[in-house]
Each structure stands twice: as C-alpha cells, then as structure tokens.
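Visitor: For reference, the structure I am asking about is given below.
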Amino acid sequence: MNHFELGDGEHGGPELYCEDTPLAKIAEAVGTPVYVYSSATLERHFTVLRDALVAAGLKDPLVAFAVKANPNVAVLRTLAKAGAGADVVSEGEVRRALAAGVPPERIVFSGVGKSEAEIAFALQAGVAEINLESEPELRLVDAVAERLGKRATVAIRVNPDVEAGGHAKISTGKAENKFGVSLAEAERLYAQASNMAGVRPVGVACHIGSQITDLAPLEAAFRKMRALVERLRAEGLSVERLDLGGGLGAPYFNAPTPPAPADYAAMIARVMAGLPTIQFAFEPGRMIAANAGVLVARVQHVHARPEGRKFLVLDAAMNDLLRPAMYDAYHDIRPVRPREGEPQPYDVVGPICETGDTFTRDRLLPPLEAGDLVAFMTAGAYGAAMSSEYNSRLLVPEVLVKGADYAVVRPRPTYDDMLARERSAPWL
Ligand code: LLP
C-alpha cells in the first residue's frame, strides 16, 4: 500500500496526490523533474515489516534500512524516528545515518571493499556491527581496531550459494558473485576471529539479492544460515546475531507480487523454530522505500512520426532515473491529471543524447500533451540514489511530504553551484 492516489483536483478533474498534497502543486513550486516521497508510506512499510517480525515471535529484531536505496537524510530521519537502524556500505553512508539521528548501536556496516579510513571512522563512531566479507578484510579490521585500542564487533558475511533476485546485476548470493565467503570458510574465519584481539565475532550475515519475489530462495539460504549457527555453537563459539539481509521485492505493478511481510516473517519463524536465543537483523531497502517515492516529470513534446511511432519526450532523463536504462526495469507511468480518451502506445524518452535514454517502448498510456505532468511510480528506492549530472543536467531535487505539508529536502542546485565545484589547472 502507498499514499499516491487520485483525488479531486482543483482543475475540476481527478489528479494524483501524495498524501494530501497534489503532485502538481509541488511540480509548480519546485519545478520538474522532482522526486517526491511520502512520510506515511515510509513509516507504514517500516512498521508493517517490524510488526510482522515481532508478531511471528522474533524478539527485538534490528531492522536496518539499507541506506543505499535512499540516502536522503530527511528520509533516514523519518525512518530513524520510527525505530529503524541503518545498513551502510561507506563512510558517507555512516555519516548520513548519524546525521539523521540513527543511534550507532543500530548501524550495520556491510560492503566488500571498506577502506582503512572507513573502518577507523566506523569504529570511532561505535557502529553495532561490521560485516566482514573476506579473510583479508578480517585481518584489516583486526589491525585497525588494535591500533585504535578497540575491539570491533563483527559478523561474517556468508555467500550461501543460492540463486535469487530479479536481474543478473542485482543477484549477490551465488558462489560466483563477489560477496561474502562460503559456509565452510565462514566457520574457519569465525573460529579464527574468536582468537583475535581486535575483533569480537557476534554473528553471521547473508544477503542473496534484490527484488526477490519468491520466498523459496530466501528460505533455502536461511536454512543454511541456521545450520551454520548451530555448527558454530556446537564448536563452543558464541553467536548472538543472525543478519538475514534485505532483498524482499516491491510491487512494480507489472511483475509477480512479492510476498507479504507477514508471510516472510512466518517463513523465518518456521525455519528458525527452536533455535535458542538469537537477535535477528534485517537490511531491507527497496521494500520500504520503493513505493514511498515517485519521480514527477513534465512532457516537453509529443513527437509523432508520420510512420507511426509516438515519442513522449520528457524533461526527466536516465541521469535522474537510471533503472530502466541499466536493468531494463519497469516503472509504472501515470499522468498526474489524466485526460479522458483511449490509451495509446508511447515510447517514453528523455532528452539525453543516447538511445539508452529510453524509459520504455510501446507503453499504453492515456492521451498526453506537451506540458502535462507524469509520475514514475515505485521510484523511491535506487532512484535519486543513483542519479547523476550526466549531460551536465542539474542534480534532481527531492521533496518530502507529510499530509498537506511538504519540504524541499534536497534543493535543485544552480548552474553556478555546479560549476563552482570545479577548478582550473595551473597551466590553463
Ligand atoms: N544489504 C546488502 C548487503 C545489500 O547489498 C543490499 C542491496 C541491501 C541490503 C538492500 O537490498 P534491498 O532490500 O533493497 O533489495 N540498484 C539496484 C539494486 C541494488 C541492490 C544492491 N544491494 C536496483 O535499482 O534495482
């Protein structure tokens, strides 16, 4: 469920709202393209997941929002206030989580290539857990922690060798992917880490992919993780936390509907039944943020070729929303003020000078005219997060809505801002 619905418009017809705020009002005031997020949807998705986990009997689960999905500090603050932690993969993300008021004891630091400086920063900040992805990383964290006179709380990230995820570029849990260590390696590293002065292993972690719409691969991975916990404990090692990652899909309105949080939670409770006390951690990104955001764009031109194709040229481009170009991702496109009339097939494109700047082809949409607004749905995760200034287009702004109020939480920079970041070279 999300809070982007048609309501009565001031122009006399229906129009798309975010909560109690018309998207057209925001587009008028802030300009387009613009990302718009719903506080109520963010809070709801977080709460539904957390409550489902608790209802299934998981005690005090840590739900750490994957900051990479939407790193906007106001978005993170909204989730932090609802009780979320943060799953981070860089010093920048640690800093964002802290700036948003996420307590360090709710921050989990993942990622295959953390630098020495990043590890030191995370240790100084007191993050809850550093997920180690390899033996060299274990040695590095041990050394950095010892140098700082600290003992790093760590988990070993396991690659359970399970195929999952909607697209090859976002699947992470197969042995051939760069993430984590094998189950056997994890056992060896855990024992090794227990004897090191700079680290204290508290658990094991896995994350097998993103946009997963079937519980079966998750269940297969979680069964392997449970067995690993039991083997470690049988060796006399203490395992306090089991981090099951993120990956649960969001509905994109064209693909299979992902499992409900309650079914996900029930599956976990079933797989983990009888496992003595352990804290579960989760790293959801997409299922919380995707349907909490839209990208609003304006139609620049409707370019109808005499031989038939009709191009809808928008003022948003692949630099603002990369997912269609990068993953062939589907995003529902809805007119903000739908006109009456038969749907027609449009190729929806942006103004960037490459063919990849095509959001979709032959999409059936209600009639649209130059100047109309459209909303790309399900754009709150990996939307603004992956935006860039390609073609020297200004970074897309972000707006957070709460009821009938809204705030510009990342303003559109000016061209002067953009140029001021650069320097000349002394010989020029
Ligand atoms: N934890 C780890 C260690 C991850 O690598 C990821 C995502 C997550 C959690 C969150 O996964 P989620 O719950 O959002 O599926 N840019 C791609 C998605 C890349 C996901 C990378 N890892 C896209 O736009 O589809």
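Visitor: If DNA, RNA and ligands are ignored and the probe is 1.4 Å, what is the ranking of Glu118, Glu354 by accessible area, most exposed first?
Guide: Glu354, Glu118
Visitor: Ok, one more. For the stretch 110-284, treating each Cα as an identical point scatterer without solvent, what Debye log10 I(q)/I(0) comes out at q = 0.14, 0.19 1/Å?
Guide: So the normalised log intensities work out to -0.73, -1.22.
Visitor: Less than 11 Å Cβ to Cβ from Gly111, Lys/Arg counted +1 and Asp/Glu -1: what total charge do the surrounding residues give?
Guide: Overall, the nearby charge balance is -2.
Visitor: Counting heavy atoms of the protein chains only and a 1.4 Å probe, report the per residue accessible area for the chain as a whole number of Å².
Guide: The answer is 42 Å² per residue.
Visitor: Relative to the longest principal Cα axis of the chain, at what angle does helix 215-234 sit, 0 to 90 degrees, rounded to 10?
Guide: The helix 215-234 is inclined about 20 degrees to the chain.
Visitor: While we're here: From the helices alone, meaning DSSP H stretches of at least four residues, give me the mean residue ellipticity at 222 nm for the chain, per-run term -39500 (n - 2.57), in deg cm²/dmol to the nearest 500.
Guide: After summing the helix terms and dividing by the residues of the chain, the value is -9000 deg cm²/dmol.
Visitor: If you don't mind, there's one more thing I want to ask. Going 7 Å from the Cα of Ala29 along its beta-carbon direction, which residues of the stretch 1-15 have the amide nitrogen within less than 20 Å of the resulting point?
Guide: 3-12, 15
Visitor: Under a GNM of the chain (C-alpha, springs under 10 Å), which listed residue has the highest mean-square fluctuation: Pro217, Pro61, Pro366?
Guide: Of the options given, Pro366 has the highest mean-square fluctuation.
Visitor: What translational D, rounded to a whole number of µm²/s, comes out for the chain from Stokes-Einstein when the hydrodynamic radius is the Kirkwood one over Cα pairs, at 10 °C and 1.306 mPa s?
Guide: Using the Kirkwood radius from Cα pairs, D works out to 70 µm²/s.
Visitor: Still on this structure: With the alpha-carbon atoms as the only input, what is the per residue convex hull volume for the stretch 285-412 in Å³?
Guide: 120 Å³
Visitor: Enter the Cα centre distance for the pair the stretch 373-402 and the stretch 71-105, rounded to the nearest angstrom.
Guide: Between the Cα centre of the stretch 373-402 and that of the stretch 71-105, the gap is 19 Å.
Visitor: Shifting gears a bit: Can you tally the lysine pairs in the stretch 110-284 where the Cα-Cα distance is under 23 Å and the two residues are eight or more apart, or on different chains?
Guide: 7
Visitor: Cβ under 11 Å from Glu389's Cβ, Glu389 left aside: what net charge do those residues give with Lys, Arg +1 and Asp, Glu -1?
Guide: Its environment carries a net charge of 0.
Visitor: Say a paramagnetic label sat at a point 7 Å from the Cα of Ala191, along Cα to Cβ; which residues of the stretch 199-240 have their backbone N under 19 Å from it?
Guide: Of the residues in the stretch 199-240, 199-205, 225-240 have backbone N under 19 Å from the label point off Ala191.
Visitor: Rounded to the nearest 0.05, what FRET efficiency do Arg147 and Phe311 have when you use their Cβ-Cβ distance and R0 = 56 Å?
Guide: FRET efficiency, Arg147 to Phe311: 0.45.
The values are calculated or read from the model by the stated rules, or taken from the named source; none is laboratory data. Please read these numbers as outputs of a predicted model, since none were measured by experiment. Cβ coordinates were reconstructed from backbone atoms using ideal geometry, including for glycine residues, and neighbour counts include every protein chain displayed. These area figures cover heavy atoms from the full protein model, side chains too; ligands, DNA and RNA do not enter into them. Shrake-Rupley method; radii C 1.70, N 1.55, O 1.52, S 1.80 Å.
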